[in-house]
Amino acid sequence: NSSYDTPDVFVSSLEREDDEYSAGVTLGYNFKSDWMGDFVATTGYQYRDVKSTIENYTYNNHRVMISFAKEFTY
């Protein structure tokens, strides 16, 4: 929850107060291969939702992430 000290008169005459919710999960797996070496694959999901007392401001975000990492030794 975020509260602001004074209203921004250029946006709204109300004092802004936001309620924010976010959640996420990330999963990874380490692959071991004799001919390719080790590499890690990860995938994740994040959800973020913000509701505000200013009626024209809402924020709803879904983010999906995928990454691969290869180990190099020399």
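State which residue is nearest to the chain's Cα centre (by Cα) when the search covers only segment 49-74 and only residues that are under 13 Å from residue 17 (Cβ atoms) and not aromatic (Phe, Trp, Tyr).
Initially, segment 49-74 is screened for residues under 13 Å from residue 17 (Cβ atoms), giving 50-55, 57.
Remaining after also requiring not aromatic (Phe, Trp, Tyr): 50-55.
On the way: 50: 12, 51: 16, 52: 18, 53: 22, 54: 23, 55: 23 Å.
The qualifying residue nearest to the chain's Cα centre (by Cα) is 50.
If you go through segment 34-74 and pick out every residue that is at pLDDT below 80, in a strand (DSSP E or B) and open to solvent by less than 80 Å² (accessible area, probe 1.4 Å), you end up with 1. For segment 4-33, which positions are modelled with pLDDT under 90, among the polar types (S, T, N, Q) and either open to solvent by less than 80 Å² (accessible area, probe 1.4 Å) or in contact with a Phe, Trp or Tyr (Cβ under 6 Å, 6 or more places away or on another chain) (or both)? If the condition is that a residue be modelled with pLDDT under 90, among the polar types (S, T, N, Q) and either open to solvent by less than 80 Å² (accessible area, probe 1.4 Å) or in contact with a Phe, Trp or Tyr (Cβ under 6 Å, 6 or more places away or on another chain) (or both), then 12, 33 are the ones that fit.
The values are calculated or read from the model by the stated rules, or taken from the named source; none is laboratory data. Bear in mind that the values here come from a model prediction, so they are computed numbers and not experimental data. When we count neighbours, we look across all protein chains shown, and the Cβ atoms used for this are built from the backbone with ideal geometry, even at glycine. Heads up: the accessible areas ignore ligands, DNA and RNA and are worked out on the full protein's heavy atoms, side chains in. Shrake-Rupley method; radii C 1.70, N 1.55, O 1.52, S 1.80 Å.
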